[in-house]
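K.L.:
I have a structure here, written as structure tokens, and I will follow up with some questions on it.
The values are calculated or read from the model by the stated rules, or taken from the named source; none is laboratory data. None of these values were measured; they are calculated from a predicted model. Backbone-built Cβ (ideal geometry, glycine too); neighbour counts: all protein chains shown.
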Protein chains: 2
Amino acid sequence: MAPKVGILAGGGPLPGYLVDACRSSGRDVFVIAFEGQADPRVVEAAPHAWVRLGAAGEALDRLRAEAVEEIVMAGPVTRPTWRELRPDRRAAKFLGRGLLNKGDDGLLGAIVRALEEEEGFRVIGADDLLDDLQATAGPFGAYGPDEDSTADIEQGVRVLHTTGPLDIGQAVIVQQGIVLGLEAAEGTRGLIERCAGLRREGRGGVLVKLPKPGQETRADMPSIGPETLRAAAASGLAGIAVATGATLVFERDEVVRLADEHGLFVVGIAPSDIVAGYASGS
Amino acid sequence: MAPKVGILAGGGPLPGYLVDACRSSGRDVFVIAFEGQADPRVVEAAPHAWVRLGAAGEALDRLRAEAVEEIVMAGPVTRPTWRELRPDRRAAKFLGRGLLNKGDDGLLGAIVRALEEEEGFRVIGADDLLDDLQATAGPFGAYGPDEDSTADIEQGVRVLHTTGPLDIGQAVIVQQGIVLGLEAAEGTRGLIERCAGLRREGRGGVLVKLPKPGQETRADMPSIGPETLRAAAASGLAGIAVATGATLVFERDEVVRLADEHGLFVVGIAPSDIVAGYASGS
């Protein structure tokens, strides 16, 4: 039987999809639900424990007591205030290394290494449990990018290839060759919403969301879902491009239905077809 | 006597400062005020003509009729709708080259070249008329950056050096090593306001605003003024860093007064001290 999985649950629906996937394949699962981050409606249907984000020692002890062997980190964790964090001794070890002053990749990569090398767990990616959620190649629904949108996608890939090493964000919105906005701390939904007011008259506008080159996708794989589509439609975008095989698509049927309803395209692309050497994953 | 100056006036206070500077040095001046862009209170105190942005032929004919020899482009021009633009034959020549699908630098650089090489004007920079508005080195007021802010400034310079060739924006906000936001189509004030909600608990947060490497500063030199300070104070930033000798500081006395009142620093830096080869201007 496959080893028991521990889910370190941040926000959003991903932890719930992982619980469902484990159950349908007969795998045992235990959820560490981070206080102030995980959604109770998502995690409380499975065996779980609520743990402060700063209580790394408690989380690790509980995972061992539950005989968890493999760990998957799932869902975004908003940067906590120091009060919420109150690091215990093991959490302080991370913080003492100044990890919170790095970007997401630096922090998450270090956590993955520590969990494997110091704590003896195997860290797996959400996509290891959720093969069928991986973005496929080409258009998902009835619409595909036209010539203008294809040019905007290519521009977006070039921008993200350049900004990737800065570890700022995963997404950019391009319209008619102009970068309307580049994601940083506001997140993809914040980016889409603020770009609604920046669109130029006329057609187009594409969200390009890709892993940063070399990104630790086990801890933080880009994802889209129905919420992304609703925001994109409300902002008047023409479509969305994601990286084939390196993006999680939640509720794909609903994503396709919304895309077709609003006349948007969603397309899986290979960034390395556009910028040679654009490699992701680790 | 110095040759007559024609001011191509977009928005903001800069055209007015230029009119004042010409008058106090006894230079004749004529203003082309772009409809929907220039502020009537700023331009109507000088000899001027209102011209549609798309009426390049009318603007050029009027400048010749007024015996203008030198041209200065002043103040931001928001991207017009096609209806506002309605390009005439000479404006269409620019558009036919696809200039509107380039970023700001590509467009402005091409306009400068066309004005000089095809139309026979000399294009000068706002700083040629406004020496005393150039940012000086070091702290402007009572406060300077502490160690944390200095590190954030350095991170901001590195980010802008990397993103500069993409021709996206001139400004970034960094706090505790994290990029909160990177300017694109929303402009500096939009950037400052949206980052207010993204700040992490605790101190710090620095706006770094620099010319892009190789930017056509004659057409589009970065600037700050009292409005920038008010927005930065309202957003809880610790301070602002600009490039010495490559940034216009409007109403410096008021900028310094606001900085001191709110405990902010404003500092002039040399980006090339932080990233070797960070050169601006053309």
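K.L.:
Is the range B:160-173 home to any residue that is under 15 Å from the mean Cα position of the chain (by Cα), within 30 Å of residue B:6 (Cα to Cα), aliphatic (A, V, I, L, M) and part of a strand (DSSP E or B)?
P.N.:
Checking the range B:160-173: at least one residue is under 15 Å from the mean Cα position of the chain (by Cα), within 30 Å of residue B:6 (Cα to Cα), aliphatic (A, V, I, L, M) and part of a strand (DSSP E or B).
K.L.:
Please work out if residue B:105 is within 18 Å of the chain's Cα centre (by Cα), assigned to a helix (DSSP H, G or I), at pLDDT below 85 and not small (Gly, Ala, Ser). Walk me through it before giving the result.
P.N.:
Values: within 18 Å of the chain's Cα centre (by Cα): yes; assigned to a helix (DSSP H, G or I): yes; at pLDDT below 85: yes; not small (Gly, Ala, Ser): yes.
Yes: the conditions hold for residue B:105.
K.L.:
Additional query: Identify, from the list A:147, A:119, the residue that is over 25 Å from residue A:184 (Cα atoms) and loosely packed, with under 14 Cβ neighbours inside 10 Å. Lay out the reasoning, then the answer.
P.N.:
Details: A:119 fails: loosely packed, with under 14 Cβ neighbours inside 10 Å.
Unique residue meeting the criteria: A:147.
K.L.:
Could you list, in sequence order, all residues of the range B:178-201 that are within 21 Å of residue B:212 (Cα to Cα) and in a loop (DSSP other than H, G, I, E, B)?
P.N.:
Of everything in the range B:178-201, those that are within 21 Å of residue B:212 (Cα to Cα) and in a loop (DSSP other than H, G, I, E, B) turn out to be B:183, B:184, B:185, B:186.
K.L.:
Filter the range B:40-65 down to the residues that are of a type outside the set (Gly, Ala, Ser) and surrounded by fewer than 18 Cβ atoms within 10 Å (Cβ to Cβ) and list them by number.
P.N.:
In the first step, residues of the range B:40-65 are kept if they are of a type outside the set (Gly, Ala, Ser); the result is B:40-44, B:47-48, B:50-53, B:58, B:60-64.
The answer is B:40, B:41, B:44, B:47, B:50, B:58, B:61, B:62, B:64.
K.L.:
Okay, moving on. For residues that are away from every other protein chain (no Cβ under 12 Å) and among the acidic types (Asp, Glu), tally how many sit in the range B:135-159.
P.N.:
3
K.L.:
Can I ask one more? Just checking, does the range B:18-40 include any residue being in a loop (DSSP other than H, G, I, E, B), touching a strand residue (DSSP E or B) at 6+ places or on another chain (Cβ under 9 Å), free of Cβ contacts under 8 Å to residues at least 40 places away in the same chain and within 25 Å of residue B:88 (Cα to Cα)?
P.N.:
Yes, the range B:18-40 has at least one match.
K.L.:
When you look at residue A:269, is it more than 28 Å from residue A:9 (Cα to Cα) and touching a His at 6+ places or on another chain (Cβ under 9 Å), yes or no?
P.N.:
no
K.L.:
Okay, moving on. Could you list, in sequence order, the residues of the range B:239-269 that are buried (at least 21 other Cβ atoms within 10 Å of the Cβ) and either in contact with a Phe, Trp or Tyr (Cβ under 8 Å, 6 or more places away or on another chain) or not assigned by TED's automatic domain parsing to the domain that holds residue B:148 (or both)?
P.N.:
As a first pass, look at the range B:239-269 and keep what is buried (at least 21 other Cβ atoms within 10 Å of the Cβ): B:239-243, B:246-249, B:255, B:258-259, B:264-267, B:269.
Passing the criteria: B:239, B:240, B:249, B:255, B:259, B:264, B:265, B:266, B:267.
Residue-wise test of (1) free of Cβ contacts under 8 Å to residues at least 12 places away in the same chain; (2) out of contact with any helix residue (DSSP H, G or I) (no Cβ under 7 Å at 6 or more places or on another chain); (3) within 8 Å of chain B (Cβ to nearest Cβ).
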| residue | (1), (2), (3) |
| --- | --- |
| A:171 | no, no, no |
| A:174 | no, no, no |
| A:179 | no, no, yes |
| A:188 | no, no, no |
| A:194 | no, no, yes |
| A:198 | no, yes, yes |
| A:209 | no, no, no |
| A:213 | no, no, no |
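K.L.:
A further question follows. Tell me, which helices (runs of 4 or more DSSP H) lie completely within the range A:221-282 with 1 or more residues that are under 26 Å from residue A:167 (Cβ atoms)? Can you show your working first?
P.N.:
On the way: elements: A:226-234, A:252-262, A:271-274.
Per the criteria, A:226-234, A:271-274.
K.L.:
Now a separate question. Checking residue A:162 against (1) of a type in the set (Val, Ile, Thr); (2) within 8 Å of chain B (Cβ to nearest Cβ); (3) buried (at least 24 other Cβ atoms within 10 Å of the Cβ): exactly one of these is not met. Which one?
P.N.:
Just one mismatch for residue A:162, condition (3).
K.L.:
Here's a follow-up. Counting just the residues of the range A:194-237 that are β-branched (Val, Ile, Thr) and within 11 Å of the chain's Cα centre (by Cα), which one comes out modelled with the highest pLDDT?
P.N.:
As a first pass, look at the range A:194-237 and keep what is β-branched (Val, Ile, Thr): A:206, A:208, A:217, A:224, A:228.
From what is left, the residues that are within 11 Å of the chain's Cα centre (by Cα) are A:217, A:224.
Values: A:217: 67, A:224: 93.
Looking at the filtered set, the residue picked out is A:224.
K.L.:
Give the residues of the range A:41-56 that are assigned to a helix (DSSP H, G or I) and modelled with pLDDT of 85 or more, sorted by residue number.
P.N.:
Here is the first cut: in the range A:41-56, the residues assigned to a helix (DSSP H, G or I) are A:41-43, A:56.
Matches in the range A:41-56: A:41, A:42, A:43.
K.L.:
Any residue that is more than 22 Å from residue B:14 (Cβ to Cβ) and either within 8 Å of chain A (Cβ to nearest Cβ) or among the small types (Gly, Ala, Ser) (or both) - is there at least one of those in the range B:219-231?
P.N.:
Of the residues in the range B:219-231, the ones more than 22 Å from residue B:14 (Cβ to Cβ) are none.
No, there is no match, as no residue in the range B:219-231 is more than 22 Å from residue B:14 (Cβ to Cβ) and either within 8 Å of chain A (Cβ to nearest Cβ) or among the small types (Gly, Ala, Ser) (or both).
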